[in-house]
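Here the structure comes first, spelled out in structure tokens, and everything after it is commentary.
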Amino acid sequence: MKIQFQKYQGTGNDFIVIDNRELKFNRANNDLVKKLCDRRFGIGADGLILLQNKTGYDFEMVYYNSDGNESSMCGNGGRCIVEFARTLGLVKDKAIFFAIDGNHEAVVKPGFISLKMKDVKEVEITAPFALLDTGSPHYVAFVNNVEKFNVFEEGQKVRNSSRFQEKGVNVNFVEKKYNDLFVRTYERGVEDETLSCGTGVTAAALVAALRNVSTTQNDCDIQTLGGKLKVKFNKHPDNSFTDVWLEGPATYVFGGEVEI
């Protein structure tokens, strides 16, 4: 059977996106997801996203990492599926959808999406690193000369350390560069550095606020290898965060059909 797919990217974080409202794609077929995401033998992507029906919502987002496993929230992917939903006529200037971490809102402009992320109630913060969940678990460490930092090697060490080996963690290395944060991320499930990570830059921005190095009190401009993003938030005296928004592009790359 052949199925239609679209390819989208958000600041270089790329995804296969499939309209699965008729449930033609078997969610349990992890091997197929892995094959489609393979950059040599498949379409090639950091992840695969299914758009499905969900009562009370514009749609449901089901996200897989490129290793074939269904995963936690993906911020760049969330913006891309909203843009895809806009092209399908499911949403116009606003969207409400359901993902694995709960409800999400989005403000929609063609190719540019403001996506509301989950509130963050707790942050474990130590001198060398911080740990928090922004829809996916993230380890955030500030480093020097991040552009030349060995993200793959150092990120792999943290991700496979005794504390994180079983469930995994996304590992972000951050440096304040002029008025931006420069963020690079090693992603679990991809098991490599990606050009950008939406939940990762969100985590980095919130940790920067706790360390008093944000762009301003309530937002942070982010530079990734794949482009620029912005994170807005309200920080509270107990170091929790509400009204967290991830803003950035969501770009169509190409579409086609593939045998499954």
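Springs between alpha-carbon pairs under 10 angstrom, Gaussian network model over the chain: which of Q217, Q52, Q156 fluctuates most?
Per the Cα network of the chain with a 10 Å cutoff, Q217 tops the list.
Only helical DSSP H runs with n ≥ 4 go in: add -39500 (n - 2.57) per run for the chain, normalise by residue count and round the 222 nm mean residue ellipticity to 500 deg cm²/dmol.
Value at 222 nm, helices only: -5000 deg cm²/dmol.
Given the options E105, E153, E22, which has the most mean-square fluctuation in a GNM of the chain, springs set between C-alpha atoms less than 10 angstrom apart?
Per the Cα network of the chain with a 10 Å cutoff, E22 tops the list.
GNM, the chain, Cα, under 10 Å: largest mean-square fluctuation among P249, P110, P237?
P237
Could you work out the relative contact order of the range 124-246? I mean the mean sequence separation of Cα pairs under 8 Å and 6+ apart, divided by the number of residues, in percent.
Computed over the range 124-246, the figure is 19 percent.
Can you pull the percent of Cα pairs in the chain with separation above 34 Å?
In whole percent, the long-distance tail amounts to 13.
Give the separation of the Cα centroids, the range 26-53 to the range 148-183, in Å.
Cα centroid to Cα centroid, the span is 25 Å.
Could you give the radius of gyration (one decimal) and Dmax (whole number) of the Cα atoms in the range 1-137, in Å?
15.3, 53
Could you give the nm distance between label points at R21 and M1, where each point is 7 Å from its Cα heading toward the beta carbon?
So the label points at R21 and M1 sit 1.7 nm apart.
No solvent, one uniform scatterer per C-alpha: report log10 I(q)/I(0) for the range 119-251 via the Debye equation at q = 0.15, 0.18, 0.20 1/Å, two decimals.
Taking Cα atoms of the range 119-251 as identical point scatterers yields -0.63, -0.93, -1.16.
What angle, in degrees between 0 and 90 and rounded to the nearest 10, separates the Cα long axis of helix 75-88 from the longest principal axis of the Cα atoms of the chain?
30 degrees
Suppose R0 equals 35 Å. What FRET efficiency, 1/(1 + (r/R0)^6) with r the Cβ-Cβ distance, do A28 and E147 give to the nearest 0.05?
That gives a FRET efficiency of 0.30.
Since every read-out is calculated from the coordinates, none of them should be taken as a lab result. Keep in mind the model is a prediction, meaning the values are calculated, not measured. All Cβ positions, glycine included, derive from the backbone under ideal geometry; neighbour counts span all protein chains shown.
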